[in-house]
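The values are calculated or read from the model by the stated rules, or taken from the named source; none is laboratory data. Note that the structure is predicted; figures quoted are calculated from it, not measured. Cβ atoms come from the backbone with ideal geometry, glycine included; neighbour counts cover every protein chain shown. The area values use the complete protein model at the heavy-atom level, side chains included, leaving out ligands, DNA and RNA. Shrake-Rupley method; radii C 1.70, N 1.55, O 1.52, S 1.80 Å.
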Amino acid sequence: MSFTTPFDLRNFPFDSQNLLIKLVSYSFNQDILKLQFFDEGEAYPPINKTFSSVLWELSAVTSKTDTIIFRDNTTPFDLLTLSLTVDRISSIYILKYIAPLYFIGLCSSIGYWIEVLSLPTRGGFGVSLLLATITLNFVVSSELPRVNYASLLDSYIGCIFGFVFLSLMEYSMVHYIATAYKNRELTQQIDKTFRYQPIPLTIITINLFFIDKNSWIFVFFWILTPLMVLGILIISTIHYIFYVLPRKEDESEYLQPDLEKDVDDGADAGMVAVC
C-alpha cells in the first residue's frame, strides 16, 4: 500500500511536510463497522519506532477519528486520519550548497581590495565567481522537482548572484572613473563603501536558519538590506561629488595665491642677494 501527498517546497531545504493518511470504508457504514485509533489524538508509538529515513526526521504524529457521509447514504462512515509531520534533514544541503554560496559571496567582496587599474585580475575574478554561482544554480535545479515557484534556496542563489553581479558593476564604474576622469580618490571612496558587503550577506545567510520565509522580518532583511547598502553607496557618492570635491577645489584656489606670493618673495630675495 502506498500513499501520495503534494509537497510545499517554498522553504526548501528547511521545509517541513505534513503527510496525511486517510482510511475509510466505502462498503460498511458506522452501524456495521466501527473504526478508531487506540490512542486518539496522541503520537502513535509503533510509527515512531519504525520510521527511518536518511533525508527526513519524524517530528510529530497525530491521529483523529471523524465521520463522513456520502451522497447516496444517510448513515455516516468512520474516517481515520493519521498525520505525520516530517522535517527535512538540511545539514547535507548546508554543506553542499549554502556554505559554498556564502563563501562565493564573501569572495566577491575581496575584489574591492584589488587595484582598480588591474583589469585582468579583478575582472577575471568577478567573472569566475559569476560562473560558479550559475553552475551551482544548475546543480540545485537538477535535484529539485519542477515547480512553478522559487524555493528558499533559489532565492538565496539569486541573492548571491546579485552580490557578485553588483561587484562587477561596481568595478566597471570605478574603472571608468579612474581611466576617464583620473579621479582615484572617488574610486577609493566607492570601494571603501562596498567593503561593507559581507555584513548584509551574513545577515541574510543567518536569516535562512532562524526566520520563517513568510515573516515580516524575513522580508525586511531579504529586501531592505541590499537596498540600504545601495542607498549608502549613492549617498556617499553624492556626498563626495557635491561636498568633498568642491571643498578641495576651494582650498586649492585659496592656497594658489599664497604659493605665487612665496615664489615672488623667493625671486625678490634672490635678486637682492645677487645685487
- Query: Mind checking which pairs have a first residue in segment 113-130 that is over 10 Å from Val164 (Cβ atoms) and a second that is assigned to a loop (DSSP other than H, G, I, E, B) and open to solvent by less than 30 Å² (accessible area, probe 1.4 Å), Cβ under 9 Å, 6 or more apart or different chains?
  - Reply: Arg122/Val116
- Taking segment 1-33 on its own, how many of its residues are among the hydroxyl-bearing types (Ser, Thr, Tyr) and open to solvent by 90 Å² or more (accessible area, probe 1.4 Å)? 4
- Message: Quick check on segment 60-68. Is at least one of its residues of a type in the set (A, V, I, L, M, F, W, C) and modelled with pLDDT of 80 or more?
- Response: yes
- Query: Taking segment 144-159, which residues are of a type outside the set (S, T, N, Q) and in contact with a helix residue (DSSP H, G or I) (Cβ under 9 Å, 6 or more places away or on another chain)?
  - Reply: Leu144, Ala150, Leu152, Leu153, Asp154, Tyr156, Ile157, Gly158, Cys159
- Only one of (1) within 29 Å of the chain's Cα centre (by Cα); (2) surrounded by 16 or more Cβ atoms within 10 Å (Cβ to Cβ) fails for Phe77. Which number is that? (1)
- Under 7 Å by Cβ, and 6 or more places apart or on different chains, what pairs join a residue from segment 172-185 that is touching a residue at least 40 places away in the same chain (Cβ under 8 Å) with one that is of a type in the set (A, V, I, L, M, F, W, C)? Val174/Val116; Val174/Ile190; His175/Val116; His175/Leu119; Ala178/Val116; Ala178/Leu117; Arg184/Ala178
- Among the residues of segment 102-117, is there at least one that is closer than 30 Å to Lys64 by Cα, of a type outside the set (Ser, Thr, Tyr) and open to solvent by 40 Å² or more (accessible area, probe 1.4 Å)? no
- Query: Do you know which residues across segment 193-210 are open to solvent by 50 Å² or more (accessible area, probe 1.4 Å) and without any contact (Cβ under 8 Å) to a residue 60 or more places away in the chain?
  - Reply: Tyr196, Ile199, Ile203, Ile206, Phe210
- Might you let me know whether segment 134-148 holds any residue that is over 30 Å from Trp56 (Cα atoms), touching a residue at least 24 places away in the same chain (Cβ under 8 Å) and surrounded by fewer than 18 Cβ atoms within 10 Å (Cβ to Cβ)? no
- Tell me which residues, restricted to segment 16-27, are part of a loop (DSSP other than H, G, I, E, B) and modelled with pLDDT of 75 or more. Ser25
